[in-house]
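One structure below.
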There are 4 protein chains.
Amino acid sequence: MQYRTDLAVESLASVRGREGIEEQRRGKYFRITEIHIQNDRAGKPLGKTKGRYITLEGQPLSRFSDDYEGMAEELAAELRTLLPEDGCILTAGLGNADITPDALGPRVIGKVLATRHLQQELGEEEDFLRSLRPVAALAGGVLGQTGIESAELLLAVAKQIKPAAVIAVDALACSSLERLGTTIQISDTGIAPGSGVANHRTALNATTFGIPVIALGVPTVIGMRTLAEDLTGRRPLPTGQDMMVTPRDVDRLISQAAHLIACAINLALHPQMNYADVAGL
Amino acid sequence: MQYRTDLAVESLASVRGREGIEEQRRGKYFRITEIHIQNDRAGKPLGKTKGRYITLEGQPLSRFSDDYEGMAEELAAELRTLLPEDGCILTAGLGNADITPDALGPRVIGKVLATRHLQQELGEEEDFLRSLRPVAALAGGVLGQTGIESAELLLAVAKQIKPAAVIAVDALACSSLERLGTTIQISDTGIAPGSGVANHRTALNATTFGIPVIALGVPTVIGMRTLAEDLTGRRPLPTGQDMMVTPRDVDRLISQAAHLIACAINLALHPQMNYADVAGL
Amino acid sequence: MQYRTDLAVESLASVRGREGIEEQRRGKYFRITEIHIQNDRAGKPLGKTKGRYITLEGQPLSRFSDDYEGMAEELAAELRTLLPEDGCILTAGLGNADITPDALGPRVIGKVLATRHLQQELGEEEDFLRSLRPVAALAGGVLGQTGIESAELLLAVAKQIKPAAVIAVDALACSSLERLGTTIQISDTGIAPGSGVANHRTALNATTFGIPVIALGVPTVIGMRTLAEDLTGRRPLPTGQDMMVTPRDVDRLISQAAHLIACAINLALHPQMNYADVAGL
Amino acid sequence: MQYRTDLAVESLASVRGREGIEEQRRGKYFRITEIHIQNDRAGKPLGKTKGRYITLEGQPLSRFSDDYEGMAEELAAELRTLLPEDGCILTAGLGNADITPDALGPRVIGKVLATRHLQQELGEEEDFLRSLRPVAALAGGVLGQTGIESAELLLAVAKQIKPAAVIAVDALACSSLERLGTTIQISDTGIAPGSGVANHRTALNATTFGIPVIALGVPTVIGMRTLAEDLTGRRPLPTGQDMMVTPRDVDRLISQAAHLIACAINLALHPQMNYADVAGL
């Protein structure tokens, strides 16, 4: 039995160096690890499909930092490598805005600049706004709130507005304390069933959508039993229920992580903007 | 030039009694007026399509009342007359959750019981929950937040989940001070372009959706110039900009109106529930 | 070394039955334990002053329950045994409203009926409101927000309004998982330095205030290392920092616990009101 | 009968140029008017005490502006002229955080840097933080929430912490549409009974407090009947109730005005900080 984690960097620890699994390291503001699973066969023992998993590890996102600008730009640059060059992008916030550790997605989307409607609306004098890449931004809520599975809702919207790609932001679970609230994961494999704090049931990926689906998330919860084993080296007795826990300062974690990620998305989508432009949105 | 209002009871005042326009009165907790425009020809001079416009007038919704239960049941009964007997209902909250006078729709939807997913999910022992009519609930945000017109978003969702009807809740503008925050309007004509506090651009009605679209709203704003003429009997000078204003206690108006309307929607959709069941949702 | 807990029922486990420590059990909706430390000598080994510690244990407060009315009345009855019969009560919400697990106090105070000003204000016709016991309600914020220690702020207010007693509500830390979010503690010993989620520095008790100070709290956080030892039976390595964690559904825990406690305080202070009166406040 | 306004620039319009009333104009980012009532005799016909009333008029505070930095610094400079050079400052947010147009005071205080506790707490290595002027920050709520009049609460706190001056921030009423949401008023005369959106009952001024009390406010509401007369030139019939109204975009007005004022207060109190330091607080 393996503890649950949504982080590839944790679940792939045991297979590093195997054939078909390539790893690169880089980064200035973050320690960046890119794991490339080159084919589905290599990923199979791990329950992962082929694709690129980029992990950015740094200081606790709930702490104040002087490096926000550099961090946002570094994250934007990583994100840009996974995006198509042109076309409308549908940004989607998964998760429940009423449950703080699960609210990362909706909070990010609230700060993403929606521009898809500007080209029809604006006159020619507003050249700058009209020059922006078309972006739609949706945080529709989770299944228990809407009666509609997140992937089903986004699929309906994608059929209607025909974006070139989706960026889906979600809060994640991890299995190692040191990554809780310190790590950002980007992947071109989308979001698998059973992942995320709110446990999505349907795949949200290139296979179901027919376009690239970039997933972006931060671990905000950890299983209590995982945590106990991580700290003591001993597995808890298999009694009682597991429970997801979150740091006491989760409000600040969500608030600051959402701001950083939204800045990075806006920078990645609009190269004509700089950090000062997007930081106040 | 006529001042803007979303209330049929105001815009139709001048044509009452004409051929093709029928009026009925009833109600215990509210003074209820139903105006039935029997064909498009009769509605044409007013810019209204044929359909039923039900207005419920009462005490200020921002005040405390001992009659919530009776009010919710009376509103539910009116709403039920416009709904198909069976099939999934898509409830939609229009408006911007971040602008208090425009937040009625999202606030109502937050309290509507989403049940569409329960039939697949629940085991046979949970007979009560499985017996509930399937309901989906969505408050996706306004064009400036999402880059997607509300009607376009809902049309995409309706194509996907194929509801039997839509209930769309929105904050409205009125032209008479006495109706501000005291009136609820229900109509089977949907939502016209240019209506609502946030000014929808695309029709959300039976023609575009192919199923009944029930609109439900409360006036929460009034044009400043309308208000001035209403109070003084003199038309303001045609200088300066008009501005929508709202009562100082708009937070309480939205909070209490949202609670009442959500209770009524839940009662209308689930006759097996009573007020005590829905009041705590 | 003992793990930190604010619950007497946990810290006193080892000395039960000793001279000067009396224990009683009762309760219908909760399992109620009252520990009475009869003199300071008996409490000394535990760092506790003499006084009564009443613990109410039940189902998770974040879950829905059909028993709210009975729970609120049982809690009110316990609280009433510690209150003076007459005179103004100053209710105080400790903690930081911006940090969810620490927001219990401010959230309770937002629902406590403030009545101290009604006697001067109201005319004779409003007999019911004028008959209510005078109550003041304050949630001033924590030291980092205000620059003023909570006890210092409340002492200043108490000097001004001269209440007969203080009820101070705070979020607590516990050391046993089964009590996290399931337990309510009431005590007539006030709030000690170092206790509470936000770590108060100055005593808030009968000695410093010269009047009874009733403390009421719910454990909403647990030390991560305590949790690990509780689950595995092995003490974590003494490396790294400890961190307070909270359940993923802390928003609902705080919301429902605040509602229950506020109902109980309003019932305890105003015997002329019943549950239906206070539940909607 | 005169319509209600809290703005000296409106109530003093008729007496400009009289003996004992001096007027100065200045400003770059705002049009600044300082009215100096030199003695109580000159102020008597207006119900105003002697003192300085500084009005800063500009663009709508709810709109986006590129000039925030200049505006904050100009406001800080005006505020600094009324403050004592040394000593602890008690900043106070009047008004009700739950009623948007009345929430200006609490929202400002949430962003004021509280420093009074830092000198005792911090070690010598944290020279910068220890060098900051001691500031306390309190937003205790209004009479209906607390049972304690705002002035009474602040007086109790001032006795305890003995500040050199008070800065009290409040939302105001105005009688001219063009000043609604566009004007900031600073005064060294404190806050008079009957003023502010929530209608304070007790004076909060140098006479009652024995130290300078600086009032700072923005008009966020206007009387409906005042508005009607302002627009039509005709007085409304003296029937029905008056009602305070507020612009539809009051959420953004409060949010942006609170940010600007908090920046200005932080800059005025800590000359060693610049706009970039305070803008992110």
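Annotations for the structure displayed:
- Alpha carbon Rg of segment B:123-281, scaled by the compact-globule rule 2.2 N^0.38 Å: 1.23
- Protection proxy ranking, peptides A:244-255, C:89-100, average beta carbon neighbours within 10 Å, highest first: C:89-100, A:244-255
- For segment A:164-246, the Cα-based Rg and Dmax, in that order, read 14.9, 48 Å.
- Prolate is the label for segment D:64-135, because a/c, from the alpha-carbon gyration tensor with a ≥ b ≥ c as root eigenvalues, is 1.5 or above and a/b exceeds b/c.
- 13 Å beta-carbon shell around C:Ala151, net charge (K/R +1, D/E -1): -1
- Across the identical copies, the label point of C:Thr202 (7 Å from Cα in the Cβ direction) is separated from its matches by 2.0, 5.8, 6.1 nm, in order from shortest.
- Mean partner shielding of peptide D:252-259, defined as the number of other chain Cβ atoms within 10 Å of each residue Cβ, is 1.
- Accessible surface, chain A, averaged per residue in Å² (probe 1.4 Å): 41 Å²
- Tail beyond 17 Å, pair distance distribution of segment B:100-148 (Cα, percent): 50 percent
- Of all DSSP beta bridges in segment A:12-157, antiparallel share, percent nearest 5: 75 percent
- At R0 = 51 Å, FRET efficiency that the Cβ-Cβ distance of D:Thr81 and B:Asp127 yields, to 0.05: 0.10
- Restricting the calculation to Cα atoms, segment B:58-178 shows an Rg/Rh of 1.01 when the hydrodynamic-style radius is the Kirkwood one.
- Put simply, the convex hull of the Cα atoms in segment B:195-241 casts, on average, a shadow of 5.0 nm².
- Percent RCO, i.e. relative contact order, over segment D:29-88, from Cα pairs under 8 Å lying at least 6 residues apart: 34 percent
- Tail fraction, Cα-Cα pairs, the protein assembly as shown, threshold 54 Å, whole percent: 20 percent
- Convex hull volume per residue for segment A:197-281, taking Cα atoms only, in Å³: 166 Å³
- Shown in residue order for segment C:29-35 are the 3J(HN,Hα) couplings computed by the Karplus curve 6.51 cos²θ - 1.76 cosθ + 1.60 at θ = phi - 60°: 8, 10, 7, 9, 10, 10, 10 Hz (x for Gly and Pro).
- Kirkwood-Stokes translational diffusion coefficient of segment C:5-63, alpha-carbon pairs, 37 °C, 0.692 mPa s, µm²/s: 272 µm²/s
- Net charge dipole size for segment D:111-214 [Lys, Arg +1 and Asp, Glu -1 on Cβ; Debye, nearest 20]: 280 debye
- Each label point was placed 7 Å from the Cα along the Cα-to-Cβ direction; for D:Asp40 and D:Glu178 their separation is 3.5 nm.
- Remark: segment B:1-136 carries a charge dipole of roughly 840 debye about the Cα centre, counting +1 on each Lys and Arg Cβ and -1 on each Asp and Glu Cβ.
- Kirkwood hydrodynamic radius (C-alpha pairs) into Stokes-Einstein, segment B:135-198, 4 °C and 1.567 mPa s, D in µm²/s: 95 µm²/s
- Residue of D:Thr207, D:Thr49, D:Thr239 that the Gaussian network model of chain D assigns the largest fluctuation, springs spanning Cα pairs under 10 Å: D:Thr239
- Global form of segment B:35-77, assessed from the alpha-carbon gyration tensor, a/c cut-off 1.5: prolate
- Share of alpha-carbon pairs per 10 Å distance bin for chain B, given as whole %: 7, 29, 37, 21, 5, 1, 0
- Helix A:68-80 and the longest principal axis of the Cα set of chain A meet at an angle near 90°.
- Chain C, closest residue to the rotation axis toward D, by beta-carbon, whole angstrom: C:Ala156, 2
- Think of segment A:153-281 as a dipole: +1 on every Lys or Arg Cβ, -1 on every Asp or Glu Cβ, centred on the Cα centre; then among A:Ala158, A:His270, A:Ile254, A:Ala158 lies furthest on the positive end.
- Once C-alpha pairs closer than 8 Å and six or more residues apart are averaged by separation and normalised to the residue number of chain D, the relative contact order reads 23 percent.
- Counting from the shortest, the label point at D:Phe64, 7 Å from Cα toward Cβ, is 2.7, 4.3, 4.3 nm from the same position in each remaining copy.
- C/A buried area, accessible surface, summed, 1.4 Å probe, Å²: 2300 Å²
- Summary for B:Asp86: label point 7 Å along Cα→Cβ; distances to the equivalent points in the other copies, ascending, 5.1, 6.9, 8.5 nm.
- Percent antiparallel among DSSP beta bridges (both partners in the protein assembly as shown, rounded to 5): 60 percent
- Summing +1 for each Lys or Arg and -1 for each Asp or Glu among the other residues whose beta-carbon sits under 14 angstrom from that of A:Asp102 gives -3.
- Around A:Thr232: net Lys/Arg minus Asp/Glu count, Cβ-Cβ under 10 Å: +2
- Its Cα gyration tensor gives segment A:2-108 an equivalent ellipsoid. The semi-axes, each the square root of 5 times an eigenvalue, are 25, 18, 17 Å from largest down.
- Extension gain, B:Ile211 back to B:Leu281 (0.36 nm per residue minus Cα-Cα distance, nm): 22.4 nm
- Only Lys, Arg, Asp and Glu carry charge here, each on its Cβ (+1 for the first two, -1 for the last two); on that basis the protein assembly as shown has a dipole of about 0 debye about its Cα centre.
The values are calculated or read from the model by the stated rules, or taken from the named source; none is laboratory data. All values reported here derive from a predicted model rather than from experimental measurement. All Cβ positions, even for glycine, are placed from backbone atoms using ideal geometry, and neighbour counts span all protein chains on display. What goes into the accessible areas is simple: the full protein's heavy atoms, side chains included, and nothing from ligands, DNA or RNA. Shrake-Rupley method; radii C 1.70, N 1.55, O 1.52, S 1.80 Å.
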